Structure formats: structure tokens, C-alpha cells
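A short worksheet on the structure shown next.
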Amino acid sequence: MKRTLSLILVGVMLIFAVAGCGSTPAPEGSSNDEGEAPKGPQLSMIRIGTASMTGNSYVQGSAIAQMITEKVEGINSAAQATGGSGDNCYLLDEDEIELGFIQSATAKQAVTGTGSFDGQKIESLRGVGVVVVNAFHIIVNTKSGIEKPSDLRGKKVGVATMGGGVEVNANIVLGEFGIAEDEYEHIYSTMGEALEMVKLGQVDAVIYATSIGNANVYDTLSNGTCTLLSLPQEEIDRITSKRDEFGPSVIPGGSYPDVPDDVLAISGSMLLLTRENIDEETIYTVTKGLFENNDYLVAQNASLADTIPENAMVGMCVPLHPGAERYLKEIGALE
């Protein structure tokens, strides 16, 4: 899989300000003067890989970075615009970021070495929690003639960045309806450009896993050129029964302009992942901050209402980091 890498650093001044005091995880077996293992977070700077600056993940990641900086003692954080979920898997593995937004379907492929990660299994990924539970919005241009998923064969589909979560999800969803990856035309762009293209009829469809009521989707559906495709319930049951990274979802009628009826869909999770070589105390502290400051996060971005302990394991298809596991067990969210 070709790797797309755009390390557009948000808060550059913040990075420079703390670069001199940043640290890396202490070597295994290191100790303090009393011979005890070091305590407290050992990282002073955490970079969060999100997606393109026009995507919702970037805004959500910025809110989480701000929360960490303001609410988690001893740690500063900044969001980075990247190529999305697939890119973030590699960036984590290569120590380029400390946290990454990765869609559950992409994460599963990465840790199993399948799909877009065929022959490139990434074993270093570890879970922190779920940021958002995302419904799959299948947005189609009304002039495309698409009335059911199988009609997408041979069509132009906006998949955002190459190898990113949007493309992975599109491949999986269309594959479930018998459409192979080479049986539709992949159109690459940013997420914002993909939505603009489907609105203008330059692509026929976009399959976008995002929170219900997403402002960009709302705008795309506001001028009457696009609508949402509803899936048959029996197909939703079939897909979710065999894929633990997905679940059923309903997009309530009226959530978007000109979509008066409920839309049946599948959902995936936007996972917040880290890597195994980051020390336990740092991830414990970050996980605690993430789940104990939900009011703060929602005030920054309403879609982060899903960032609660009850959702922490929804679609979590990678092993938890020991720091996250310890916190979730402490509060009873995990046995």
C-alpha cells in the first residue's frame, strides 16, 4: 500500500517551546535513585495524528490535544494533520506520533496484516479508547442512478486519501455487496473535496463514516443534489454478525435536509490508538484525562459526546495498552 504522509504540525510554536524538555519512555528496568521504577508520565509532549484539515477528525483531535494540554498535568499536546487512518498506523509504528485516530476497520486490517495492509502487519498498535461511534453515510448524487449498494459497481467513488480509513471502509462495504476493489473507480482527494465533488456530480458517491449530524455532510445534502442510501436490515445483520469492528446504526429522519425518513446503516468506531513502547503511566494519565473530561471535550466539539467509558471498547479490535487497561479496570468499565 502506498503510504501518504503529510505531517502538517498544528501548534508548531508549542512543539518548539517544549522540544527541549520532551522525553522518551525510560528503558525497561530503569529506576530512580531509590531503585524503584519511575512514576508519573514520562512523556512531556504528545502528538496526535488525525486526518486532513478539512475532516472532522482533525477538529476532534485538536479538541483532545487542547484538553490534554490544559487538564493533564505535565503533558502538552498538539494535533497533526495526516493522511488519515492508514497513515496514522505507520506513523505510530515509526514513533512519529504518540496517539492516532484510526477507524476500527483500518485498525483491524493493520493488526491482522490483511486488506490494505496485506503483508505489512503492524503489531505495535495498542488501544486507548473510542473517540466517536461513526455511522456509515453512503452519500450518492441523485443523478447517478444509484438506488442500492450493488449499483455502485463501475461508479466513481470519492475515497479521500489513498489507503486512508475512507478508502478502507469503502472497499469493505462494497466488498460485502460483491463489488471488488477494481470494480469501481477510486477518486482520491481530501475529505472536503470528496464531499464537494459528489455534490457537483463529479463523483457518484462517497462512503463516509462520521458522527450523525456532521456539518460537512449536512452541507453536502443541503442543496438537493445528493441523498443518503439506506441499507436493507437483513444485510446489516449479515455484515455485523461476522465483523466485530462494525455494529448496526440508524440515522434518524430529519438529521439532514431532504432526508425525512430513518436511514439504516452500519457503524464503526474511531479509535484512539497508541503504541506498545510508550510507558504505562503516560497512557494511564492520558486515558484518565480523556474519560474524566467529557464535558470539556463536548464544549469544544459536540461529536465527542461518544468519548465516555461505556463506549471505550466498542469496535476495539486491537489489544489495549496496559495504561488504558489499568484505568478502565479501576473504574469498572472493563473486567
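The values are calculated or read from the model by the stated rules, or taken from the named source; none is laboratory data. This structure is a prediction, so every number in the text was calculated from the model and none was measured. Cβ atoms come from the backbone with ideal geometry, glycine included; neighbour counts cover every protein chain shown.
Before moving on, here are some points about what is shown:
- Look at region 101-123: where a residue is within 24 Å of Ile46 (Cα to Cα) and without any contact (Cβ under 8 Å) to a residue 40 or more places away in the chain, no partner that is surrounded by fewer than 24 Cβ atoms within 10 Å (Cβ to Cβ) and polar (S, T, N, Q) sits 6+ places away or on another chain with Cβ atoms under 6 Å.
- Residues satisfying the stated conditions in region 205-230, i.e. surrounded by 15 or more Cβ atoms within 10 Å (Cβ to Cβ) and under 17 Å from Ser144 (Cα atoms): Ala205, Val206, Ile207, Thr220, Leu221, Thr225, Cys226, Thr227, Leu228, Leu229, Ser230
- Of the residues Val128, Val166, the single one that is outside the structural domain of Leu290 (by TED's automatic domain parsing), touching a residue at least 12 places away in the same chain (Cβ under 8 Å) and hydrophobic (A, V, I, L, M, F, W, C) is Val166.
- Residue ID - modelled with the lowest pLDDT, chosen from residues in region 326-335 that are within 24 Å of Ser267 (Cα to Cα) and not small (Gly, Ala, Ser): Leu334
- Residues of region 295-335 satisfying the condition of being of a type in the set (Ser, Thr, Tyr) and part of a helix (DSSP H, G or I): Tyr296, Ser303, Tyr327
- Residues that are in contact with a Gly (Cβ under 9 Å, 6 or more places away or on another chain) and at negative phi, drawn from region 252-267: Ser255, Tyr256, Pro257, Val259, Pro260, Asp261, Asp262, Val263, Ile266, Ser267
- Selected residue (criterion: nearest to Ser62 (Cα to Cα)) from residues of region 88-123 that are of a type outside the set (A, V, I, L, M, F, W, C) and within 11 Å of the chain's Cα centre (by Cα): Gly100
- Restricting Ala215, Ala209 to residues that are out of contact with any helix residue (DSSP H, G or I) (no Cβ under 7 Å at 6 or more places or on another chain) and under 20 Å from Ala302 (Cα atoms) narrows the list to Ala215.
- Annotation for region 235-258: at least one member residue is in the same structural domain as Ile146 (by TED's automatic domain parsing), in a helix (DSSP H, G or I) and among the hydroxyl-bearing types (Ser, Thr, Tyr).
- If you go through region 45-88 and keep only what is closer than 13 Å to Thr161 by Cβ and part of a helix (DSSP H, G or I), you end up with Ser57, Tyr58, Ser85, Gly86, Asp87, Asn88.
- Just one of the listed residues (Asp244, Asp237, Asp262) is among the charged types (D, E, K, R), loosely packed, with under 15 Cβ neighbours inside 10 Å, closer than 29 Å to Leu320 by Cβ and in contact with a strand residue (DSSP E or B) (Cβ under 8 Å, 6 or more places away or on another chain), and it is Asp237.
- Considering each residue of region 314-322 in turn, none proves to be surrounded by fewer than 23 Cβ atoms within 10 Å (Cβ to Cβ) and among the small types (Gly, Ala, Ser).
- Condition check for Leu200: over 22 Å from the mean Cα position of the chain (by Cα) and of a type in the set (A, V, I, L, M): yes
- Search result, residues across region 97-130 that are charged (D, E, K, R) and either closer than 20 Å to Ile48 by Cβ or buried (at least 24 other Cβ atoms within 10 Å of the Cβ) (or both): Glu98, Lys108, Arg126
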